[in-house]
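Student: Below you will find the structure I want to go over with you.
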Amino acid sequence: MKIICIGRNYVEHAKELSNPVPKKPVFFMKPDTALLQKNNPFFYPSFSEDVHYEVELVLRICKNGRHIEEKFAGNYFDEIGIGIDFTARDIQADCKKKGLPWEIAKAFDQSAPIGKFIKSSQVSDLSNINFSLKINDELRQQGNSRDMIFSFNQIIAYVSKFITLREGDYIFTGTPEGVGPAKIDDHFEAFIEDEKLLDFNVK
Ligand code: MG
């Protein structure tokens, strides 16, 4: 199982980090050891002093495929959930400055909490999904899939040109604006529409 993450997929988020708006999807990966499930606590890593949250819609791949055409891409995922792409922003900034890969800032253990998933067939319009993140009961991020630069189907078509997708893989589809630092003792709750799908604490 692998986790593919799309970067800079919302214009306002690309702007808040002073990144250019991409012409093609930007993606990177996290290993299976990054997954954090069952609402288990996230343990703040000792190697960073600036771990940021990024709330994202997550697709679960249901069928193996490569070179998937955009028009068939909808057949390759069957569930949608919500996850946090935890990012050691201090380490990432250093990697970017040196032109180095970001892995240590993005792929560390527990950097990909995911919650419950819902069947994509239950979602009436995949291009109009509201999602949000509350921390300590305060709304911190909210987004809608209509604001993605690259749609779910475009992402699947693009990524599968390079990397075979397998049943059970996850795709994090990018974060809207409003990212910020996580703190020890924070309580995270993430929602698709009004349904809470993820709930965990930072320790
Ligand atoms: Mg992200």
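The values are calculated or read from the model by the stated rules, or taken from the named source; none is laboratory data. Source: prediction; values computed, not measured. Methodologically, a virtual Cβ is constructed for each residue, glycine included, from the backbone with ideal geometry; neighbour enumeration extends over all protein chains shown.
Student: Tally up the residues in region 37-56 that are within 15 Å of the ligand (Cβ to nearest atom) and of a type in the set (A, V, I, L, M, F, W, C), please.
Tutor: The total comes to 2.
Student: Hey, another quick one. Return the residue satisfying two criteria in turn: it lies in region 110-129 and is surrounded by 14 or more Cβ atoms within 10 Å (Cβ to Cβ) and not hydrophobic (A, V, I, L, M, F, W, C), and of such residues it is farthest from Pro31 (Cα to Cα).
Tutor: Per the stated criteria, the residue is Ser120.
Student: Considering region 102-117 alone, what residues qualify as being outside any helix (DSSP H, G or I) and of a type in the set (Val, Ile, Thr)?
Tutor: Ile114, the sole residue that qualifies.
Student: Same structure, new question: For region 100-151, which residues satisfy the criterion of being more than 22 Å from Gly178 (Cβ to Cβ) and of a type in the set (Lys, Arg)?
Tutor: Within region 100-151, Lys116, Lys119 qualify.
Student: To continue, here is another question. Would you mind stating whether Asp186 is without any contact (Cβ under 8 Å) to a residue 12 or more places away in the chain, more than 16 Å from the ligand (Cβ to nearest atom) and among the charged types (D, E, K, R)?
Tutor: For Asp186, the condition - without any contact (Cβ under 8 Å) to a residue 12 or more places away in the chain, more than 16 Å from the ligand (Cβ to nearest atom) and among the charged types (D, E, K, R) - is not met.
Student: Moving on. Could you check region 48-84 and list, in sequence order, the residues that are in contact with a helix residue (DSSP H, G or I) (Cβ under 7 Å, 6 or more places away or on another chain) and either in a loop (DSSP other than H, G, I, E, B) or at pLDDT below 95 (or both)?
Tutor: Result: Ser48, Glu49, Asp50, Cys62, Lys63, Arg66, His67, Ile68, Glu69.
Student: Right, something else. Residue pairs, Cβ under 6 Å, 6 or more apart or interchain, first in region 132-161 and in contact (Cβ under 8 Å) with a residue 60 or more places away in the chain, second of a type in the set (Gly, Ala, Ser) and crowded, with 17+ Cβ neighbours inside 10 Å. List them.
Tutor: That search, which allows pairs on different chains as well, returns Leu133/Ala190; Arg140/Gly178; Gln141/Gly178; Asn153/Ala73; Ile156/Ala73; Ala157/Ala73; Ser160/Gly65.
Student: State which residue is nearest to the chain's Cα centre (by Cα) when the search covers only region 75-90 and only residues that are of a type in the set (A, V, I, L, M, F, W, C) and within 15 Å of the ligand (Cβ to nearest atom).
Tutor: Checked region 75-90; the qualifying residue nearest to the chain's Cα centre (by Cα) is Ile84.
Student: Being assigned to a loop (DSSP other than H, G, I, E, B) and either of a type in the set (Ser, Thr, Tyr) or surrounded by 17 or more Cβ atoms within 10 Å (Cβ to Cβ) (or both) is the filter here, so list the residues in region 178-191 that pass it.
Tutor: Matches in region 178-191: Gly178, Val179, Ala182, Asp186.
Student: Only residues that are aromatic (Phe, Trp, Tyr), outside any strand (DSSP E or B) and in contact with a helix residue (DSSP H, G or I) (Cβ under 9 Å, 6 or more places away or on another chain): list them for region 118-172, please.
Tutor: Within region 118-172, Phe150, Phe152, Tyr158 qualify.
Student: Here is a further query. Residue check: is Ser145 hydroxyl-bearing (Ser, Thr, Tyr) and surrounded by 19 or more Cβ atoms within 10 Å (Cβ to Cβ)?
Tutor: Spelling it out, Ser145 is indeed hydroxyl-bearing (Ser, Thr, Tyr) and surrounded by 19 or more Cβ atoms within 10 Å (Cβ to Cβ).
Student: Step by step: first the residues of region 91-101, then only those that are surrounded by fewer than 16 Cβ atoms within 10 Å (Cβ to Cβ) and either under 15 Å from the mean Cα position of the chain (by Cα) or assigned to a helix (DSSP H, G or I) (or both), then the one that is modelled with the lowest pLDDT. Which residue is that?
Tutor: Lys96
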